[in-house]
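Chemist: Below you will find the structure I want to go over with you.
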Amino acid sequence: MGAQTLYDKLWNSHVVRQEADGTALIYIDRHLVHEVTSPQAFEGLKLAGRRPWRVASMLAVPDHNVPTTNRAAGIADPIARLQVETLDSNCAEFGVNELKMNDVRQGIVHVVGPEQGATLPGMTVVCGDSHTSTHGAFAALAFGIGTSEVEHVMATQCLLMKKSKAMQVLVEGALGKGVTAKDVALAVIGKIGTAGGTGYAIEFAGSAIRGLSMEGRMTLCNMAIEAGARAGMIAADDTTIDYLKSRPFAPQAEVWDKAVAYWRTLHSDEGARFDSVVKLDAAQIKPQVTWGTSPEMVAAVDGRVPDPATMSDAVKREGAERALHYMGLKANMPITEIKIDKVFIGSCTNARIEDMRAAAAIAKGKRVAANVKLAMVVPGSGLVKQQAEQEGLDKIFIAAGFEWRDPGCSMCLAMNDDRLEPGERCASTSNRNFEGRQGQGGRTHLVSPEMAAAAAIAGHFVDVSKV
Amino acid sequence: MNKFSLLNGLVVPLDRANVDTDAIIPKQFLKSIKRSGFGPNAFDEWRYLDHGEPGMDNSKRPLNPDFVLNQPRYKGAQILLARENFGCGSSREHAPWALEDYGFRVIIAPSFADIFFNNCFKNGLLPIRLAAEQVDALFKAVEATPGYRLKVDLEQQSIATPDGTVYKFEVEAFRKHCLLNGLDDIGLTLQHVDEIKAFEAKHRAAQPWLFA
């Protein structure tokens, strides 16, 4: 066989069989489960009298509906409570390993999986959640699936799918001061659009990517889906291997050595062919702020809100006009003049320990601006929270006027009580700025943790590369 | 799953690009542990003037008269016409559940997000990609013609307009076969149990740490 891409290697090592039209049966190694997209799948399994094919491949954790305050009191909303209880009872019935709401290891599924070492290089990883692309940071083939497919994986350990095309996103050079993996992700989406990666699996490569920590790589792969790609991935290297060593689910002793030897082959070969290649110069990427209602509606912090009148494509122009109306923004206004009402630091994109540290470094010794009604920090897992508290980050945040919460998805999608009120404007480290995403009528600006913390202190967006 | 072969249905034009799954079915309705009953909350934030929550009597809620689905001429529509990147965002299958429960069987757009596209086929919904110019022509025709209907033939992979224009569309052979016959994927996959077991044994031997 000739030179292969990382995606080729991951795909080929999981094909069980293939139909004449190319539809393949792909074996799934890890199945992550949360409370929102699994109840109907468990129900389907029960109605058909089936059992999970390989229950040890499953790891469940409630995250979308869990409260981020006063957790000891349980979940107040009876419908949300029933959903979490349904996960508990399904996991108990089928023997699925579940990290329950009050377990210190509980958190956002895409933070918990890697933290536990449940995501390993070379794996196929699925979850009924589009941000499963996060796990591709470990040279895994990881993608989100719908509930019917959740049931399909439970029942058969496989998925029916066709191979995607391969895109390489090459980011070469050094990132500037205050520029993070989040800014790279938003810059890529700004360049190729939210449908730019549709039909592709994206491999992120280049010296800037190799220079990212595992957490930065997860942030980047997390947002591959925002570029339209179901899967994002990065080659395995020392950074990957060092991160995984001694994690609870990672192999140990001589099995570890054997695994590492295999993992070191998980990169695209020299000369491997991609269907599409996109190049970015790391040094040109500035801190990013979204101004609209799609992640592709993004600008550098030192830029301005665009003027729809200058857009030649009618669909794009109307989309931008509608977005500016919804967002309550004027064309050509400087991004740094946008004032905010709330700040959310959290989500599967940016709620890991390095995110907490980066935000705390900006907040240290400062105060949240008077016009900011609420600034909240929601760690991605109980273990992230514990680590942050050991480092005293909670005290820095609280002293600066931030709220320090319990782990969960929280205001990324506002399924629990954490949400924006109509018209409120939020600097958010999450991944989607869709209309109503953080609460009906809410206005979301996606930024990095550094940018969110700096906006909380100033009351409006500021360029962290100049702080 | 419902079979799909032929449909002669009323078309409603939703003239927006990047319609995301949060818009199709807002998050508060995802707390349900059922598969059915999402139709009254499809496009909830655009469709109603008040804020919707699970358990409300939707028939008593104030409708947004400006939203296209609420216009009397589109009542009973089974074909949704949309712009590029329809169904982007979250993987929630509640989106196709809501569209199907509302009464849609076909969605036509220049492009769809991958996960949504895939989810449609699991629920008897047919997503059809047409060229942007063809979609544009359909938008003009629908808006100009009350009662505009299209004939969708999955077997022939064709869409016929009232003036006799026929648009051909692509659909993967395997998905087409499943949709025409209303086949359950799980049942089909379980016909290959031996192959799955054989693969699993080989995989376990090569990477035992995956099975710890």
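The values are calculated or read from the model by the stated rules, or taken from the named source; none is laboratory data. What you are looking at is a predicted structure, and each value in this text was computed from that prediction instead of being measured. No Cβ is skipped: glycine too gets one built from the backbone with ideal geometry, and neighbour counts run over all protein chains shown. Protein only, heavy atoms only, side chains kept; ligands, DNA and RNA dropped before computing areas. Shrake-Rupley method; radii C 1.70, N 1.55, O 1.52, S 1.80 Å.
Chemist: Considering only lysines 8 or more places apart in sequence, or on different chains, count the pairs in chain B whose C-alpha atoms sit under 23 Å apart.
Modeler: 22
Chemist: Given the convex hull over the Cα atoms of segment A:170-228, what projected area results after averaging over all orientations, in nm²?
Modeler: Average of the hull's projected areas for segment A:170-228 equals 3.6 nm².
Chemist: Which one of A:N70, B:L190, A:G228 is farthest out on the positive end of the charge dipole of the protein assembly as shown, using unit charges on Cβ (Lys, Arg +1; Asp, Glu -1) and the Cα centre as origin?
Modeler: Final value for the positive-end residue is A:N70.
Chemist: Moving on. Given that compact globular proteins tend to follow 2.2 N^0.38 Å, what is the ratio of the alpha-carbon Rg of segment B:8-70 to that value? Before the final figure, lay out the partial values.
Modeler: Working: Rg = 12.3 Å, N = 63, 2.2 N^0.38 = 10.6 Å.
Dividing the Cα Rg of segment B:8-70 by 2.2 N^0.38 Å gives 1.16.
Chemist: Just to be sure I understand the model, the point goes 7 Å from the Cα along the line to the Cβ. What's the resulting B:L63 to B:A160 distance in nm?
Modeler: Here the modelled spin labels are 3.1 nm apart.
Chemist: Taking the Cβ of A:D341 as the centre, find all other residues whose Cβ is under 10 Å away and add up their charges (Lys, Arg: +1; Asp, Glu: -1).
Modeler: Every neighbour counted, the sum reads +3.
Chemist: Given a 1.4 angstrom probe, what's the average accessible area per residue across segment A:139-195, in square angstrom? It would help to have the intermediate numbers written out before the result.
Modeler: Working: 1290 Å² over 57 residues.
Accessible surface, normalised per residue, equals 23 Å².
Chemist: Suppose we look only past 18 Å in the calculated P(r) of segment A:130-175. What percent of the Cα-Cα pairs does that tail hold?
Modeler: Percentage above 18 Å: 46.
Chemist: Let me ask you something else. Suppose we keep just the DSSP beta bridges with both residues in segment B:47-201; what percent of those would be antiparallel, to 5?
Modeler: 45
Chemist: Now a separate question. For segment A:378-467, what is the charge dipole size about the Cα centre, in debye to the nearest 20, if Lys and Arg each add +1 at the Cβ and Asp and Glu each add -1 at the Cβ?
Modeler: 220
Chemist: Please report, to one decimal in angstroms, the Kirkwood hydrodynamic radius of segment A:246-392 built from all distinct Cα-Cα pairs. Don't jump to the answer; show the numbers that get you there.
Modeler: Values: mean 1/r = 0.0500 Å⁻¹.
One decimal place: 20.0 Å for the Kirkwood radius.
Chemist: Looking only at the protein assembly as shown, where both bridge partners belong to it, what percent of the DSSP beta bridges are antiparallel (to the nearest 5)? Display every interim value, and only then the final one.
Modeler: Working: 25 of 78 bridges.
The antiparallel proportion sits near 30 percent.
Chemist: Pulled fully out, how much extra length does the chain show between A:R50 and A:Q386, if you take 0.36 nm times their separation in residues and subtract their Cα-Cα distance? Kindly include the intermediate steps, with their values, before the conclusion.
Modeler: Values: separation 336, 0.36 × 336 = 120.96 nm, distance 3.91 nm.
Using 0.36 nm per residue and subtracting the Cα-Cα distance, I get 117.0 nm.
Chemist: Jot down the per residue volume, in cubic angstrom and as a whole number, of the convex hull over the alpha-carbon atoms of segment A:93-212.
Modeler: Working: hull volume 17.4 nm³, N = 120.
So the per-residue hull volume is 145 Å³.
Chemist: Still on this structure, please answer the following. What average count of beta carbons from other chains do you get within 10 Å of the Cβ of residues in A:11-18?
Modeler: Shielding by partners across A:11-18 averages 3.
Chemist: Based on the Cβ-Cβ distance of A:A174 and A:I398, what FRET efficiency does E = 1/(1 + (r/R0)^6) give at R0 = 41 Å, to the nearest 0.05?
Modeler: Taking R0 as 41 Å, the efficiency between A:A174 and A:I398 is 0.75.
Chemist: Points 7 angstrom from Cα along the Cβ direction at B:D194 and A:A261: gap in nanometres?
Modeler: 3.4
Chemist: Explain nothing, just the number: relative contact order of segment A:278-416, from Cα pairs under 8 Å at least 6 residues apart, as a whole percent.
Modeler: 20
Chemist: Rounded to the nearest 0.05, what FRET efficiency do A:K191 and A:E421 have when you use their Cβ-Cβ distance and R0 = 35 Å?
Modeler: 0.55
Chemist: Moving on to the next point. Accessible area of segment A:148-250 with a 1.4 Å probe: how many percent of it is carbon plus sulfur? Numbers along the way, then the final one.
Modeler: Details: 1410 of 2700 Å².
Solvent-exposed carbon and sulfur of segment A:148-250 make up 52 percent of the total.
Chemist: Next question, about the same structure. Wrap a convex hull around the Cα atoms of chain A, take a quarter of its surface area, and give that in square nanometres.
Modeler: Approximately 22.3 nm², given one-decimal rounding.
Chemist: Roughly how many nanometres apart are two label points built 7 Å out from the Cα toward the Cβ at A:V15 and A:N97?
Modeler: Label at A:V15, label at A:N97, 3.1 nm between them.
Chemist: Could you work out the per residue convex hull volume over the alpha carbons of segment A:321-467, in cubic angstrom?
Modeler: 94
Chemist: Can you quote the Å³ per residue value for the convex hull of the Cα atoms in segment B:43-93, rounded to an integer?
Modeler: 128
Chemist: Quick one: which of A:347-356, A:276-285 comes out on top by average Cβ neighbours within 10 Å, and what's the full order, highest first?
Modeler: A:347-356, A:276-285
Chemist: How are the alpha carbon pair distances in segment B:1-128 distributed across 10 Å bins from zero to the largest one, expressed in percent?
Modeler: That works out to 13, 48, 35, 4, in percent per bin.
Chemist: Which value, in square angstrom to the nearest 100, describes the accessible area buried between chains A and B on both sides, using a 1.4 angstrom probe?
Modeler: Roughly 5600 Å² of accessible surface disappears when A and B pair.
Chemist: Something else: Only Lys, Arg, Asp and Glu count, each charged at its Cβ (+1, +1, -1, -1), so figure out the dipole size of segment A:1-103 about its Cα centre, rounded to 20 debye. Before the final figure, lay out each step's value.
Modeler: Numbers: 10 positive and 13 negative charges, 50 e Å.
Dipole magnitude for segment A:1-103 comes out near 240 debye.
Chemist: Oh, and also: Using a Förster distance of 60 angstrom, determine the FRET efficiency expected from the C-beta separation of B:K140 and A:E254, and round it to 0.05.
Modeler: Calculated value: 0.30.
Chemist: For segment B:1-73, which chymotrypsin sites (Phe, Trp or Tyr not before Pro) pass both filters: DSSP loop (anything but H, G, I, E, B) and at most 16 other C-beta atoms within 10 Å?
Modeler: B:F67
Chemist: Counting only Cα, what are the radius of gyration and maximum Cα-Cα distance Dmax of segment A:1-108, in Å?
Modeler: Both quantities, over Cα of segment A:1-108: 18.0, 59 Å.
Chemist: Ignore the peptide's own chain and count Cβ atoms of other chains within 10 Å of each Cβ in A:153-161; give me the average, rounded.
Modeler: 5
Chemist: Using the crude model of +1 on Lys and Arg Cβ and -1 on Asp and Glu Cβ, and no other charge, please compute the dipole size for chain A relative to its Cα centre, in debye to 20.
Modeler: Around 460 debye, computed over chain A.
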